[in-house]
Amino acid sequence: MAPYHSYLETLLKTRKYREEIAYRELSEQLSLLKIETEHLKKLIGTSDDALDRLMQYQKRGGDPIEIQKHYGFIQHQGIKIKSQEEKISLQDKAVEIKRQELEEIVQERKIVEKVETRRKEAYLESVRKKEVAMLDEVAGRMQRKLK
């Protein structure tokens, strides 16, 4: 009997390669999301610090022009924070898209693996049946010779 040869081996390798690429892309998107989130935290921290300084400056009776500058900076930081939140939202969507792509690719690979497993099992079963039939035939011939 000829050894089992898989016709799906190349397809399975391709699926695994696509899975590796999709996993790397998801990792990159997650890294970008982490960077954007850290940037947002820094903006919020800077804004909170500026707000604290403004409140202290007002309590001490600071110059109205300086108070206005602090207030303007805080407003500008608020705009940057909103913009950063939008970036994070978009990045979050990109991560989710990559996650779904990876799930689909993994499912495709698993399907190919199942088909391959079933084909191999069917081949081994047919080989087993042929071997049993051959042994039965040999045993039958031997019995006939003994009679």
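Considering only Leu33, Gln68, Met55, the residue lying farthest towards the positive end of the dipole of the range 1-132 is Leu33, judged by Cα position with unit charges set on Cβ. Computed from backbone phi, the HN-Hα couplings of the range 55-63 come to 5, 5, 5, 5, 5, 7, x, x, 5 Hz, rounded to whole numbers (Karplus: 6.51 cos²θ - 1.76 cosθ + 1.60, θ = phi - 60°; Gly and Pro given as x). Taking Cα centre as origin and charging only the Cβ of basic (Lys, Arg, +1) and acidic (Asp, Glu, -1) residues, the dipole magnitude of the range 28-147 rounds to 1060 debye.
Over the residues of the chain, the helix contribution to mean residue ellipticity at 222 nm works out to -34500 deg cm²/dmol, using -39500 (n - 2.57) for each DSSP H run of at least 4. When the alpha carbon gyration tensor of the chain is reduced to an equivalent ellipsoid, the three semi-axes, largest first, read 75, 11, 8 Å. Return the whole-Å distance between the Cα centroid of the range 1-55 and the Cα centroid of the range 70-121. Distance between centres, Cα-based: 7 Å.
Label positions at Glu25 and Glu38, each projected 7 Å from the Cα along the C-beta direction, are separated by 2.5 nm. Gain on full extension, evaluated as 0.36 nm per residue between Arg99 and Lys114 minus their Cα-Cα distance, stands at 3.1 nm. Note that the range 12-20 has calculated 3J(HN,Hα) couplings of 5, 4, 4, 4, 5, 5, 4, 5, 4 Hz, one per residue in order, obtained from phi through the Karplus relation 6.51 cos²θ - 1.76 cosθ + 1.60 (θ = phi - 60°); glycine and proline are x.
Backbone phi angles across the range 97-106, fed through the Karplus curve with coefficients 6.51, -1.76 and 1.60 (θ = phi - 60°), yield HN-Hα couplings of 4, 5, 5, 5, 4, 4, 4, 5, 5, 5 Hz in residue order; Gly and Pro are listed as x.
Which entries of Lys16/Lys87; Lys59/Lys87; Lys93/Lys120; Lys41/Lys93; Lys98/Lys120 show an alpha-carbon separation above 29 angstrom in the structure shown? Beyond 29 Å between Cα atoms: Lys16/Lys87; Lys59/Lys87; Lys93/Lys120; Lys98/Lys120.
Every number here is computed from the coordinates shown, using simple stated rules; none is lab data. What you see is a predicted model; the values in this text were computed from it and never measured. As a convention, Cβ positions derive from the backbone with ideal geometry for all residues, glycine included, and neighbour counts pool all protein chains shown.
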